[in-house]
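Participant: Can you read through this structure? Questions will come right after.
The numbers here are math on the coordinates, done by the rules we state, and not lab data. What you see is a predicted model, and the numbers here were worked out from it, not measured in a lab. Here the Cβ positions follow ideal geometry from the backbone for every residue, glycine too, while neighbour counts run over all protein chains shown.
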Amino acid sequence: MNNLFPTPDRARRWLRTLPVVAMLACVWLMPGKAMAANSCWFSSLSNVSFGTVGSGGGTSSGTLNYICQNDSPAQRTFRICLYVNPSLPTGVAPRRLIRQWWPVEYMNYDLYSDPAMTQLIGSETSGHAVQSVVRTTSSTGQTTGSIPFYARIPAGQTMSADSYIAQNNFVLRAPSQGGTTAPATSLCASGPQASDYFEVYASFANTCYISAATDMDFNSVVNLATARNQTSTISLRCPNNTAWQVALSYGNNPTGTTRRMIGPASNYVTYHLFQDSARSIPWGNTTSTDVAGTGNNATQTLTVYGQVPAQAINSAGTYSDTITITLTY
């Protein structure tokens, strides 16, 4: 499983990144808000948390709460224009979350103005269509409102199981629309502006699993004057860079570490399981005899090499055994 505490080597690598992290922290701690008469600004802005996601991706949402100020005795209509400038890490379409531990890895995501997640919220310089809403205020005073926004992590990404984070600068421009029919793009190009920062969080699941395992069938024999060989497969899937180990039990009828199939009248047929085609490396259920590897967020298939050595058979019939597969990560 994931170790929440870094190993000494990992800790040393992390310490070497501290000057960079310190610098980045200085950038992140610069939230700013602007308020002006006859305009709109943030009253609150929620962070976005995807929780734990896997290779299937995930969705989430947030809420922007605003206040509009009207100093005129008449009603005023504002065009509330939305932009999200990426802070750390940079990039739009897709945006990116950064892994919170060394080494650096990224998880793609994006932000949308509609629940169907078709209207992407761009930055001030990305060139995407401007997302905006129209709000009419009453005469002199303040009016409040809320704007939901939506987030999606696309499926099919490969990364390490860990926590990921990003920070963005939500920019709100609220020019007075009046009776103009000008498009939002031109209206939103100017006007009073407010901004605030919010963060996006996600954890990529450390979910290793065995997806399939085939039986090993040595078929029918007249005698066991010579050894019989056969194979089976084990398929597993783990997140990228996740260390795993696969152990095989000694079955239901072992004598010590020797596996045995049981048949009629409690007679036995001895057999062995190996890691290699030469059948020289035993496959057991201890650290020194199991098979180890590293996940790549794709299906990995292992071959089990079986052998029934030459031996006498005391009774004809069907012989079988059951092996338990243990996946540790």
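Participant: Using just the helices of the chain, give the 222 nm mean residue ellipticity in deg cm²/dmol: DSSP H runs with n ≥ 4 each add -39,500 (n - 2.57), and the total is spread over all residues, rounded to 500.
Facilitator: Working: 3 runs with 24 residues, N = 329.
After summing the helix terms and dividing by residue count, I get -2000 deg cm²/dmol.
Participant: Work out from phi, with θ = phi - 60° and the Karplus expression 6.51 cos²θ - 1.76 cosθ + 1.60, the ³J(HN,Hα) of each residue of the stretch 235-249, listed in order in whole Hz, and give x for Gly and Pro.
Facilitator: Rounded to whole hertz, the list is 10, 9, 9, 9, x, 4, 6, 8, 6, 9, 9, 10, 10, 10, 5.
Participant: Enumerate the calculated ³J(HN,Hα) couplings along the stretch 77-84 in order (Karplus 6.51 cos²θ - 1.76 cosθ + 1.60, θ = phi - 60°), each rounded to whole Hz, writing x wherever the residue is Gly or Pro.
Facilitator: Values per residue, Gly and Pro as x: 10, 10, 9, 8, 9, 10, 9, 10 Hz.
Participant: Quick one, what does Rg over Rh come out to for the chain if you take C-alpha atoms and the Kirkwood Rh?
Facilitator: Numbers: Rg = 30.9 Å, Rh = 24.7 Å.
Rg/Rh: 1.25.
Participant: Please report the relative contact order for the stretch 92-157, taking Cα pairs under 8 Å with a sequence separation of at least 6, and give it as a percent rounded to a whole number. If you can, show how the numbers build up before the last one.
Facilitator: Values: 82 pairs, mean separation 21.7, N = 66.
Once normalised by length, the contact order is 33 percent.
Participant: Defining a contact as two alpha carbons under 8 Å apart and six or more residues distant in sequence, what relative contact order in percent does the stretch 202-329 show? Show your work: numbers first, answer last.
Facilitator: On the way: 285 pairs, mean separation 46.6, N = 128.
Reported relative contact order: 36 percent.
Participant: Select from T118, P103, T286 the residue farthest towards the positive end of the dipole of the chain; place +1 on Cβ of Lys and Arg, -1 on Cβ of Asp and Glu, and compute about the Cα centre.
Facilitator: Selected residue: P103.
Participant: Considering the options C188, N253, L224, tell which one lies farthest towards the positive end of the dipole of the chain, charges being +1 on Lys and Arg and -1 on Asp and Glu at the Cβ, about the Cα centre.
Facilitator: Of the candidates, C188 comes out farthest on the positive side.
Participant: By the scheme Lys and Arg +1, Asp and Glu -1, what is the net charge of all other residues having a beta-carbon under 14 Å from that of F274?
Facilitator: It works out to a net charge of +1.
Participant: Could you go through the stretch 60-69 in sequence order and give the Karplus-derived ³J(HN,Hα) for each residue, using 6.51 cos²θ - 1.76 cosθ + 1.60 with θ = phi - 60°, rounded to whole Hz, and x for Gly and Pro?
Facilitator: These are the phi-based 3J(HN,Hα) values: 7, 7, x, 9, 9, 9, 9, 10, 10, 10 Hz.
Participant: Another question about this same structure. Give me the log10 of I(q) over I(0) for the stretch 42-122 at q = 0.25 Å⁻¹, as the Debye formula computes it from C-alpha points; what are the numbers?
Facilitator: -1.47
Participant: Taking 8 Å as the Cα distance limit and 6 or more residues as the minimum spacing, I'd like the relative contact order of the chain as a percentage.
Facilitator: Values: 800 pairs, mean separation 60.4, N = 329.
Dividing the mean separation by the residue count of the chain yields 18 percent.
Participant: Could you tell me how many degrees, from 0 to 90 and to the nearest 10, lie between the Cα long axis of helix 18-28 and the main elongation axis, the longest principal axis, of the Cα atoms of the chain?
Facilitator: 40
Participant: Another question about this same structure. Take the Cβ-Cβ distance between T143 and N296 as r, set R0 to 51 Å, and report the resulting FRET efficiency rounded to the nearest 0.05.
Facilitator: Details: r = 53 Å, r/R0 = 1.04.
Calculated transfer efficiency: 0.45.
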